[in-house]
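The values are calculated or read from the model by the stated rules, or taken from the named source; none is laboratory data. Computed from a predicted model, the values in this text were never measured in an experiment. Glycine gets a Cβ as well: all are built from the backbone with ideal geometry, and neighbour counts include every protein chain shown.
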């Protein structure tokens, strides 16, 4: 992170904040500056800072829902656990292979999972509310979230696609995706902090705090905007964006 300029930190933090919760793949967008512009790797402490910023933004935005959960008694709490278990089981296995994603694979993933999102919108009735979600729904949506381990698939996009296929309405699908981001981001944060290289990595306090604060502020307003946008308009604009992005990446690769 020492090699990043302040402008690069701001740009990457905003990219993380905006794309983490929209169905357009945060990992793909964070790879683009290094692949296209030759920017240096963000480093462990940048990853920690932006994940902390995103996580805090979600917790504060959903504070009412979280405070209403009666742990060990709430059905919704255990549904979230059911939805998180699949990625907990699979992520360590995938991480052990140290896969290097190319622009070509990211492009194909963007287009393919954009098509799946389109199909989920147009197949079946989306009239269920998030309050109707059960353990089976949670586990099935959690299986969809496994695909987010593919760079370009989008965690938000895969969860929303799974929820729509289960018959949930647009806002409920988006809200559950945001709620499910809490254990997922926390898990990713724990994984990053368990890296033994963190003990020998230099920390720039100013740039680390800048990354955290920028990500937190932009994430909070992105979540609020996203919920309102989906309620009024839907997901189609994101599908078009993913198709265009995929085509551009294919041309660049």
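Only one residue in 46, 78 is under 17 Å from the mean Cα position of the chain (by Cα), assigned to a helix (DSSP H, G or I) and touching a residue at least 24 places away in the same chain (Cβ under 8 Å). Which one? Give the derivation first.
Values: 78 fails: under 17 Å from the mean Cα position of the chain (by Cα).
Residue meeting the stated conditions: 46.
Among the residues of the range 89-110, what is the count of those that are under 23 Å from residue 235 (Cα atoms) and surrounded by 19 or more Cβ atoms within 10 Å (Cβ to Cβ)?
Counting residues in the range 89-110 that are under 23 Å from residue 235 (Cα atoms) and surrounded by 19 or more Cβ atoms within 10 Å (Cβ to Cβ) gives 4.
I need the full set of residues from the range 152-192 which are touching a strand residue (DSSP E or B) at 6+ places or on another chain (Cβ under 8 Å) and surrounded by fewer than 24 Cβ atoms within 10 Å (Cβ to Cβ), in order please. Before you say what the answer is, go through the steps one by one.
Of all residues in the range 152-192, those touching a strand residue (DSSP E or B) at 6+ places or on another chain (Cβ under 8 Å) come to 166-169, 172, 176.
Listed by number, the residues that qualify are 166, 167, 169, 172.
Tell me yes or no: at least one residue of the range 24-41 is part of a loop (DSSP other than H, G, I, E, B), touching a helix residue (DSSP H, G or I) at 6+ places or on another chain (Cβ under 6 Å) and either closer than 16 Å to residue 222 by Cα or at pLDDT 85 or above (or both).
Narrowing the range 24-41 to residues part of a loop (DSSP other than H, G, I, E, B): 24-25, 38-41.
With the extra rule that they be touching a helix residue (DSSP H, G or I) at 6+ places or on another chain (Cβ under 6 Å), the set shrinks to 24, 39.
If we keep only those that are either closer than 16 Å to residue 222 by Cα or at pLDDT 85 or above (or both) too, we end up with 24.
Yes; the residues of the range 24-41 include at least one that is part of a loop (DSSP other than H, G, I, E, B), touching a helix residue (DSSP H, G or I) at 6+ places or on another chain (Cβ under 6 Å) and either closer than 16 Å to residue 222 by Cα or at pLDDT 85 or above (or both).
Output the number of the condition that residue 215 fails; it satisfies all remaining conditions of (1) at pLDDT 95 or above; (2) under 25 Å from residue 164 (Cα atoms); (3) crowded, with 21+ Cβ neighbours inside 10 Å.
Against the list (1) at pLDDT 95 or above; (2) under 25 Å from residue 164 (Cα atoms); (3) crowded, with 21+ Cβ neighbours inside 10 Å, residue 215 comes up short only on (2).
Starting from residues that are closer than 14 Å to residue 177 by Cβ and modelled with pLDDT under 95, keep the ones in the range 127-152 and report whichever is farthest from the chain's Cα centre (by Cα).
Checking each candidate, the answer is 133.
Which condition from (1) assigned to a helix (DSSP H, G or I); (2) modelled with pLDDT under 90; (3) surrounded by 12 or more Cβ atoms within 10 Å (Cβ to Cβ) is the one that residue 117 breaks?
For residue 117, the failing item is (2).
Taking the range 225-249, which residues are crowded, with 21+ Cβ neighbours inside 10 Å and not in a helix (DSSP H, G or I)?
235
Could you list all residues from the range 100-114 that are assigned to a loop (DSSP other than H, G, I, E, B) and in contact (Cβ under 8 Å) with a residue 40 or more places away in the chain?
The initial filter retains those residues of the range 100-114 that are assigned to a loop (DSSP other than H, G, I, E, B), namely 100-102.
Of everything in the range 100-114, those that are assigned to a loop (DSSP other than H, G, I, E, B) and in contact (Cβ under 8 Å) with a residue 40 or more places away in the chain turn out to be 101, 102.
Return a yes/no flag: does the range 71-79 have any residue that is in contact with a helix residue (DSSP H, G or I) (Cβ under 6 Å, 6 or more places away or on another chain) and within 27 Å of residue 242 (Cα to Cα).
Looking only at the range 71-79, we keep the residues that are in contact with a helix residue (DSSP H, G or I) (Cβ under 6 Å, 6 or more places away or on another chain), and these are 71, 79.
Add one more test, that the residue is within 27 Å of residue 242 (Cα to Cα), and what stays is none.
No, that holds for no residue.
So which residues in the range 58-73 are at pLDDT 85 or above and assigned to a loop (DSSP other than H, G, I, E, B)?
62
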